Amino acid sequence: MICEKILGTLDPQNPSGKTIEYVDMDWDDAFKKIHKKTTDAGTEVGIRMDDSILTRGLQEGDILYEDDARIIAVRILPCEVIRVTVAPDHRFMTAKVCYEIGNRHAPLFYGEEEDTFVTPYNEPMLQMLSRLHGVTAVRSVEKLDFGKRISSGAPGHHHH
């Protein structure tokens, strides 16, 4: 089966009664146009998206296929991230945190709490952020919430 567009988004408040199969995807694969995947129920799926996916990315709950009995949707897997917290008395460091992450072309997301941010993990980034005064940087594993994305940085980004 070939899926070439996003048909909508799963609505947890309004279950359809249909069987839902999930295509698991790493966050950085979500920005690729072509995939060959197998759902959690064993259905082979080819995904071929247009160029808009390069900036939007496939997101948690995106519906790729639907018929009378089933829905195939995207599930973004948890990944290693850096959770950054700026101390309330050092809010002026927020600009520095955002600049440094953006300068490395890493995606940046709002955290759950005020003055928190999340970016995908890499050790040099963790070390650099840990050295900033008034900033706490902690490695953890969680799902990236694309709805809280601040930057449009995507994997493979480069200047021409």
Original post:
Considering only strands (runs of 3 or more DSSP E) fully contained in the range 1-92, which possess at least 2 residues that are open to solvent by 80 Å² or more (accessible area, probe 1.4 Å)?
Top reply: 34-38, 44-48
Original post:
Given the conditions (1) within 20 Å of ILE150 (Cα to Cα); (2) open to solvent by 60 Å² or more (accessible area, probe 1.4 Å); (3) within 18 Å of the chain's Cα centre (by Cα), and given that LYS96 satisfies all but one, which numbered condition is not satisfied?
Top reply: (3)
Original post:
Do we find a residue being among the aliphatic types (A, V, I, L, M), outside any loop (DSSP other than H, G, I, E, B) and either exposed (fewer than 15 other Cβ atoms within 10 Å of the Cβ) or in contact with an Asp or Glu (Cβ under 9 Å, 6 or more places away or on another chain) (or both) anywhere in the range 139-148?
Top reply: yes
Subject >> Qualifying positions in the range 4-15 - of a type outside the set (A, V, I, L, M) and modelled with pLDDT of 90 or more >> reply: GLU4, LYS5, GLY8, THR9
Subject >> Counted residues, the range 111-138 - those being open to solvent by 70 Å² or more (accessible area, probe 1.4 Å) and either at pLDDT below 95 or assigned to a loop (DSSP other than H, G, I, E, B) (or both) >> reply: 5
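The values are calculated or read from the model by the stated rules, or taken from the named source; none is laboratory data. This is a predicted model, so every value here is computed, not measured. We place every Cβ from the backbone using ideal geometry, glycine too, and count neighbours over all the protein chains shown. Remember, those area values only see protein heavy atoms, side chains included, never the ligands or the DNA or RNA. Shrake-Rupley method; radii C 1.70, N 1.55, O 1.52, S 1.80 Å.
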